[in-house]
Amino acid sequence: MARGNQRELARAKNMKKQEDLKKSQKLGDKNKRMQNDADKMREKQAAGGRESGGCRGCRGSQQNAERETEEAGGGSLDHMGEKLSFHDVQTKDGTTMRIFVFHPKVPNYPNVKFPGVIVYSEIYQVSPPVARFAKDIAGQGFIVAAPSVYHNFEGPEPLEYNDEGTDKGNNYKIQKELKSYDEDADLTIKYLLSLSTCNGNIGATGMCLGGHLAFRTALDSRIKAAFCFFATDIHKHSLGKGMNDDSLKRCNEIKGELVMIFGDKDTHVPLEGRDLIRSELRRNKVQMTFIEINDAQHAFVRDESSKGRYDPAVTKLCFEWLLELFNSVYSKIMRPLKLMGHERALTQVKYNREGDLLFSVAKDNAASIWYSSNGERLGTLEGHQGVIWSIDVDPETLLCATGGGDLQVKLWTVENGKCVYSWSSPSPVRRVAFSPDGSKLLVIADQVMGHIGTISVYDINRDVSTITQQSETPSLVIETEPNGSKATVAGWSENGEFIISGHDNGLVSKYDSRTGELISSLQAHGIHNEEKAVGVTDIQFALEDRSYFITSSKDKCAVLIDVDTFEILKVYKADAPMNAAAITPVKDFVILGGGQEARNVTTTAESQGKFEARFYHKIFEEEIGRVKGHFGPLNTVAVHPDGTGYSSGGEDGFIRVHTFDKSYRDFLFDAERTEKAAAAGTI
């Protein structure tokens, strides 16, 4: 049997046992770090005034879509002062359910197809705030259907936001049969799918009662994604006649992506209820994001009659998250695998040499190993007592190393996940990296706690029979203080001849790996703009020959540097602090990842934090595209060794594994296209 197959079978057999033992463990909330995002957004907007998310969508004629609605048994009417399209359907109990329909407006494209979104209202039916919310979603390129769910008791008109309306809505909510709620969902889905302008992708969202109905609709496999605002009654199983719903019990039926969002001051769904929902979703391995907003109350997105609970800044932010979810799920371009295995923010992801395995660490205390092809987790590496800042795997995928804030460097065997040796560090470990042949391991110890920052090099014993016998002391120690700076990242050049390090003052240094002599230093960052924060955040080498490398920095730039000449080759300028940078093989691109820190989002020119992976042409230095998906800054990026994709890890606690599609592989600048045509003799 080939070595790769033997290794894979041994890995799967041994590490799967560890994974099985952890299936029932409660995972912490991955998303509470997003609270700073929402917390600070409030400062950007003055209290008062209606804000429903803002439409940046297309404008133009929607007559064809509206005509189709009317011909299919619908029409239009003045609804609370606004003209709305609608479609009436007959239910099994003989009542008529009205579905209000909101069409995207796209000029000169009468035959374009759109994804659909079902918007469920609160207990007041399709009220003006719900209609505005639905209209805003439609403005972003979706067909929106908003059903009036109390057709069993009265017409489609909204209930008043007063005591009488509240009492009516609450009473109807528990008098309506569960099977009637489910029929409403089925009829609405079928209606959207019947439209020639719908492309077949359907999602759901809603607030309060509507949040629960969106959750329940997600039990239907036709629903690709659901975004649920402060969903009531799920934790109490109290929806419908008899107040004994099975929504949470059936959550394992949810096949699409799910976002649950609550305010932490929500008295309708208290902390215990939110914890129950979160734990059940995790126990059933639902692909979900669970967010609790600091100081937000129930109904914080309703822009009228909310009794002071409306929060315009948070509403706008949530609307952007909703669009991120639907656009990501519906997109056919580079649809990623979304890996959920960490409780806190990612700090580093790393492929092995073959690219079949992906290694990840985070601000929790366990590393994870995944199959990169399908996102299955092989197992976890447990032993650290705090944040793990760095991970690396040797060229043969025999050993991997981790370093963390618990002052420990640990060496692990990949096939069984056992820790075979630990080194103590005088200060937190910021980076670990194997030499190209795997015989040495460099370790960066932070310059804190009275310790001078160092790069230590350990000789690695790779003999399997004596692998637990490692040298306790490093063979080389480099004190990294050129001009008073400390090393933040480091790596090896080809053949391990040099150690290249990046520093907190923007310097990049080259050391002789045998003697520790400083050969050269270069001010790589802090010179391209006026940014004050210039620390180097990442260093990655060209996979082909390690003859050049890229660094990223808080100065919103990335720099390409030649190892031999130690000169800057290219500069890539972004619009936000960069935390990671990687060079793609095969295609002449580089990928940058970063974004405004969550607590500083209000300092940006836009409301969003620029949480995208940015693609630049390596030669021309021009940005060519962005990939969205994370709900916070990207902290780490790694490119697949054969150039077929990349992975990113974010502050949101998620890993997204992307496979490049045909549009990526075929992309050429005009100059490249001309050169290719000339070489082929076609011009």
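Read-outs: derived from the displayed coordinates by stated rules, not from any lab. What you see is a predicted model, and the numbers here were worked out from it, not measured in a lab. In this analysis, Cβ positions are derived from the backbone assuming ideal geometry, glycine residues included, and neighbour counts consider all displayed protein chains.
Spin-label model, N374 to E396: label points 7 Å out along the Cα-to-beta-carbon direction sit 2.9 nm apart. Give the shape of segment 376-446 as rounded, prolate or oblate, defined through the alpha-carbon gyration tensor: a ≥ b ≥ c are the square roots of its eigenvalues, a/c under 1.5 means rounded, and otherwise the shape is prolate if a/b is larger than b/c and oblate if not. Oblate. Within segment 612-629, which residues have the backbone N less than 19 Å from the label spot 7 Å out from V586 along Cα→beta-carbon, could you tell me? Within reach of a label on V586: 614-619, 624-627.
Using R₀ = 41 Å, calculate the FRET efficiency as 1/(1 + (r/R₀)^6) where r is the Cβ-Cβ separation of F620 and R462; round to 0.05. Each step should come with its number before you reach the end.
Working: r = 42 Å, r/R0 = 1.03.
That gives a FRET efficiency of 0.45.
The alpha carbon centroids of segment 503-528 and segment 394-446 are separated by 23 Å.
Going by how many other beta carbons lie within 10 Å of each one, how would you line up H630, H525, H384, fewest first?
So the residues, fewest neighbours to most, are H384, H630, H525.
One Cα centroid belongs to segment 448-487, the other to segment 162-241; the line between them spans 58 Å. In nm, to one decimal, how far is the modelled label at E517 from the one at S221, with both set 7 Å along Cα→Cβ? Those two pseudo-labels are separated by 6.8 nm.
Where does the charge balance sit around K618 when Lys and Arg score +1, Asp and Glu -1, over other residues with C-beta under 9 Å from its C-beta?
On the way: positive: K570, K587; negative: D588, E621.
Neighbour charge sum, excluding K618 itself: 0.
Rounded, prolate or oblate: which one fits segment 357-494, using the alpha carbon gyration tensor with axes a ≥ b ≥ c (rounded when a/c is under 1.5, else prolate when a/b beats b/c, else oblate)? Because a/c hits 1.5 or more and a/b exceeds b/c, segment 357-494 counts as prolate. For I452 paired with R673, estimate the spin-label separation in nm (one decimal), with each label point 7 Å from Cα along the Cα-to-Cβ line. About 5.7 nm, to one decimal. Legend: calculated FRET efficiency, K241 to N327, from the Cβ-Cβ distance at R0 = 35 Å, rounded to 0.05, equals 0.40.
Hey, with R₀ at 35 Å, roughly what FRET efficiency would N171 and K255 work out to, going by the Cβ-Cβ distance, to 0.05?
Efficiency, from the Cβ-Cβ distance: 0.55.
Would you please classify the overall shape of segment 312-369 from the alpha carbon gyration tensor, given that a ≥ b ≥ c denote the square roots of the eigenvalues, rounded means a/c under 1.5, and beyond that prolate means a/b larger than b/c while oblate covers the rest?
Values: a/c = 3.89, a/b = 1.57, b/c = 2.47.
It is oblate, given that a/c is not under 1.5 and a/b is not larger than b/c.
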